[in-house]
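Report on one structure; see the data block that follows.
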Amino acid sequence: MNAGIRVAALADIDVGAGIAVGKSVTGTADDIALLRDEHGTVWALDDTCSHADASLAEGWIEDGHVECPLHASRFCLETGAVDGLPATKGVCPHRVEVRDGEVFLFPNEAPGS
């Protein structure tokens, strides 16, 4: 069973903010944004906005979405689906677990699997 990759301490991610984990760590095609919503839940999405070259880890998190800091496209934290123009394509979500205050990432594994 895959135990995931330890990528951060929960304390490293402020509520309502995000951090990017480099693709050299994750082995993915894109960096991965770890995003902590207003309830303290951590989500993981591909970091690069599908509309333009902007980091979603630098975006605004609200109501289950992250808003791109460049052109305000919105993406669902759970599914990566786009929910606001100008982006028309979603981003890939990844499974994440928090255990004993540590954040573990399961790259390319869908949340809930």
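The values are calculated or read from the model by the stated rules, or taken from the named source; none is laboratory data. Quantities reported herein were computed from a predicted structural model and do not represent experimental measurements. Heads up, the Cβs are rebuilt from the backbone with ideal geometry, glycines too, and the neighbour counts pull from every protein chain shown. For the accessible areas, the whole protein counts, side chains as well, though only heavy atoms, and no ligand, DNA or RNA atoms are used. Shrake-Rupley method; radii C 1.70, N 1.55, O 1.52, S 1.80 Å.
Numerical summary
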| read-out | value |
| --- | --- |
| For the chain: accessible area per residue (Å², 1.4 Å) | 51 Å² |
| Packing-based ranking, highest mean first, of 46-59, 75-88 given that Cβ atoms within 10 Å are counted | 46-59, 75-88 |
| Sequence-distant residues sharing a close amide H with Gly90 (under 5 Å, placed H) | Val82 |
| Computed [θ] at 222 nm, deg cm²/dmol, the chain (DSSP H ≥ 4; -39,500 (n - 2.57); rounded to nearest 500) | -500 deg cm²/dmol |
| Normalised per residue, the volume of the convex hull around the Cα set of the chain (Å³) | 89 Å³ |
| Karplus-derived HN-Hα couplings along the stretch 86-100 (A = 6.51, B = -1.76, C = 1.60, θ = phi - 60°), whole Hz, x at Gly and Pro | x, 5, 10, 10, x, 10, 6, x, 9, 6, 9, 10, 10, 10, 6 |
| Accessible-area composition of the chain, carbon plus sulfur, in percent [1.4 Å probe] | 50 percent |
